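Student: Sharing a structure here in structure tokens format.
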Amino acid sequence: MAERVPIGSDHAGFELKQRIKRRLETLGYEVEDVGTYSDESVDYPDFAKAVASRVSEGKVRRGVLMCGTGLGMSYVANRFPKVRAAVAWNPEIAELSRRHNDCNVLVLPARFIDEEEAEKILDRWIDASFEGGRHQKRVEKIEMDV
Ligand code: RB5
């Protein structure tokens, strides 16, 4: 059965979301598009919450978010338990976010990368695996009360 991947954006990420959706489908994933569905101005927390809650509750393994800078989406997503959202602006950072930080929400800064680069970032992220080992304890500590 195909892995289901929720994706969401605000108006700034809307165009890129269409491209990322096609790419994920081409790669064989089942995409759950939580919106937004046009370039009309909306509030990014609504879409970040929709994707991050699914990951946090274990309904899906991972998700993808897009907004102008990636920052607003990452702020919101990282408030959810067990969500590790990373803004990635190149493929290497995307890969390391998986290998070292077990990133489960990829956030793309739509106004600062072109669509071709965004696809490369997605491809590297989706294929990379968490290394565990010395990184395991560090990732577990993220969830501890401070
Ligand atoms: C929208 O103009 C922009 O503020 C938003 O997409 C995002 O960059 C917020 O972090």
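The values are calculated or read from the model by the stated rules, or taken from the named source; none is laboratory data. Every value quoted in this text rests on a predicted model; they were computed, and no experiment measured them. In this analysis, Cβ positions are derived from the backbone assuming ideal geometry, glycine residues included, and neighbour counts consider all displayed protein chains. Ligands, DNA and RNA are excluded from the accessible area calculation, which covers all protein heavy atoms including side chains. Shrake-Rupley method; radii C 1.70, N 1.55, O 1.52, S 1.80 Å.
Student: In the range 34-146, what percent of the accessible surface is made up of carbon and sulfur (1.4 Å probe, ligands and nucleic acids excluded)?
Tutor: Answer for the range 34-146 is 48 percent, counting heavy atoms of protein chains only.
Student: Can you compute 3J(HN,Hα) from phi for each residue in the range 101-106, using the Karplus curve 6.51 cos²θ - 1.76 cosθ + 1.60 with θ = phi - 60°, rounded to whole Hz and x for Gly and Pro?
Tutor: Karplus values, whole Hz, x for Gly and Pro: 10, 6, 4, 10, 9, 8.
Student: Run the simple label-point estimate for ASP43 and ASP123 please: 7 Å along Cα→C-beta, distance reported in nm.
Tutor: 3.8 nm
Student: Considering all alpha-carbon pairs of the range 1-138, what whole percent are spaced by more than 22 angstrom?
Tutor: Of the Cα pairs, 28 percent sit more than 22 Å apart.
Student: Taking the Cα centre of the chain as origin, work out the dipole magnitude from +1 charges on Lys and Arg Cβ and -1 charges on Asp and Glu Cβ, in debye rounded to 20.
Tutor: 640 debye
Student: Could you list, in their original order, any pairs among LYS59/LYS137; LYS59/LYS141; LYS21/LYS49; LYS17/LYS141; LYS21/LYS59 whose Cα atoms are separated by more than 28 Å?
Tutor: LYS17/LYS141
Student: Just how large is the dipole of the range 49-105 about the Cα centre, in debye to the nearest 20, putting +1 at every Lys and Arg Cβ and -1 at every Asp and Glu Cβ?
Tutor: The dipole magnitude comes to about 280 debye.
Student: Over the chain, what is the mean sequence separation of C-alpha contacts under 8 Å (at least six apart), divided by residue count, expressed as relative contact order in percent?
Tutor: Relative CO of the chain lands at 23 percent.
Student: Using a 1.4 angstrom probe with every protein chain in place, what is the largest-first accessible-area order of TRP125, TRP89?
Tutor: Largest accessible area first, the list is TRP89, TRP125.
Student: What FRET efficiency would be calculated for the residue pair LEU27, LYS82, taking the C-beta separation as r and a Förster radius of 25 Å, to the nearest 0.05?
Tutor: About 0.55, to the nearest 0.05.
Student: Quick one: which residues, 5+ away or cross-chain, put their amide H under 5 Å from the amide H of VAL5? H built at 1.01 Å from N.
Tutor: Counting only residues 5 or more places away or on other chains, the set is GLU30, VAL31, GLU32.
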